[in-house]
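Structure record follows, encoded as C-alpha cells.
The values are calculated or read from the model by the stated rules, or taken from the named source; none is laboratory data. Bear in mind the structure is a predicted one, so any value in this text is a computation, not a measurement. All Cβ positions, glycine included, derive from the backbone under ideal geometry; neighbour counts span all protein chains shown.
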Amino acid sequence: MYEDILVPTDGSPGTMQAIEHALELAKSTSTVHILSVVDQRVYLAAGGDQQDAVIQSLRDEAIEAVEQCADECRGKCETTTAVREGVPHRIILEYAEEHDIDVVVMGTHGRTGRDKLTSLGSVTERVVENAKRPVLVVHIDE
C-alpha cells in the first residue's frame, strides 16, 4: 500500500521512533525517503558575520541526521536521503508532492501552551493541516 514513505528528521533522538513506525509500514519494495530541512529562519537570524558558520553547522547536522536514519533502514527497504533549505513545513510538503509520497511519518512532542509558543508552533501541526496525503503522527516519548 505504501510504496514511498517520507520521514522528516530534525536530528532529535525521537526521530528513531518515527523511523520504527515507517519501517512497520514499509514493504521490502518500499522506499523510505529521509529528509532534513536546514531552517533558513535560523541562519537568517544570525548576524551577517556569523551566517556562514551557522549555515555550515546546520547543514552538517542535517547530513548527520539523515545518515543516522538511513543506517537504521539499511537492509529493510530502499532508502533515499535529502537535505534541503527553507521553511521546514513548506519544504516537507513540497518534497512530498515532488516525489508522490504515499504517507508522511513524523514525530511530535505534544507541546502545548508556552512550550509550543517558544518553538514557534509545530512543524508537524503545519504539515498535518496542509498535507494532501496521509500523515502518521508519532508521539515521541522523551
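Would you check which residues across segment 71-98 are of a type outside the set (D, E, K, R) and more than 15 Å from Val37 (Cβ to Cβ) and list them?
Of everything in segment 71-98, those that are of a type outside the set (D, E, K, R) and more than 15 Å from Val37 (Cβ to Cβ) turn out to be Cys73, Gly75, Cys77, Thr79, Thr80.
State whether the residues of segment 127-137 include one that is at pLDDT below 95, surrounded by 14 or more Cβ atoms within 10 Å (Cβ to Cβ), under 25 Å from Glu24 (Cα atoms) and of a type outside the set (A, V, I, L, M, F, W, C).
No, segment 127-137 contains no residue that is at pLDDT below 95, surrounded by 14 or more Cβ atoms within 10 Å (Cβ to Cβ), under 25 Å from Glu24 (Cα atoms) and of a type outside the set (A, V, I, L, M, F, W, C).
Can you tell me which residue is nearest to Met106 (Cα to Cα) among those in segment 1-49 that are free of Cβ contacts under 8 Å to residues at least 40 places away in the same chain and exposed (fewer than 12 other Cβ atoms within 10 Å of the Cβ)?
So the residue we want is Glu24.
Just one of (1) modelled with pLDDT of 95 or more; (2) of a type in the set (D, E, K, R); (3) not in a helix (DSSP H, G or I) trips up Glu64, so point out which.
(3) is the only condition that Glu64 fails.
Picking from Ile92, Ile101, which residue would you name as being among the β-branched types (Val, Ile, Thr), surrounded by 15 or more Cβ atoms within 10 Å (Cβ to Cβ), in a loop (DSSP other than H, G, I, E, B) and out of contact with any Phe, Trp or Tyr (no Cβ under 7 Å at 6 or more places or on another chain)? Walk me through it before giving the result.
Values: Ile92 fails: in a loop (DSSP other than H, G, I, E, B).
From the options Ile92, Ile101, the qualifying one is Ile101.
Tell me which residues, restricted to segment 1-31, are assigned to a strand (DSSP E or B), hydrophobic (A, V, I, L, M, F, W, C) and touching a Cys at 6+ places or on another chain (Cβ under 8 Å).
Val7
Taking the residues in segment 32-56 that are in contact with a helix residue (DSSP H, G or I) (Cβ under 8 Å, 6 or more places away or on another chain) and not aliphatic (A, V, I, L, M) as candidates, determine which candidate is nearest to Thr79 (Cα to Cα). Reasoning before the result, please.
First pass over segment 32-56, keeping only residues in contact with a helix residue (DSSP H, G or I) (Cβ under 8 Å, 6 or more places away or on another chain): 32-39, 42-44, 46, 51, 54-55.
Narrowing the set further to residues that are not aliphatic (A, V, I, L, M) leaves 33, 36, 39, 43, 51.
Details: His33: 6, Ser36: 14, Asp39: 23, Tyr43: 29, Gln51: 31 Å.
The selected residue is His33.
Among the candidates Thr15, Thr29, which residue alone is closer than 15 Å to Thr79 by Cα and at pLDDT below 95?
Working: Thr15 fails: closer than 15 Å to Thr79 by Cα.
Matching residue, one of Thr15, Thr29: Thr29.
Does any residue in segment 50-62 that is surrounded by 12 or more Cβ atoms within 10 Å (Cβ to Cβ) come within less than 6 Å, Cβ to Cβ, of a residue that is of a type outside the set (Val, Ile, Thr) six or more places away or on a different chain, and which pairs are these?
Within 6 Å, the pairs are Gln51/Tyr43; Val54/Tyr43; Val54/Ala46; Ile55/Tyr43; Glu61/Gly11; Ala62/Ser36.
Mind checking whether some residue in segment 36-43 is of a type in the set (Lys, Arg) and outside any helix (DSSP H, G or I)?
No, because not a single residue in segment 36-43 is of a type in the set (Lys, Arg) and outside any helix (DSSP H, G or I).
Among residues belonging to segment 50-60 that are at pLDDT 90 or above and either of a type in the set (Gly, Ala, Ser) or touching an Asp or Glu at 6+ places or on another chain (Cβ under 9 Å) (or both), point out the one that is nearest to Ile34 (Cα to Cα).
Step by step, filter segment 50-60, then rank; the result is Arg59.
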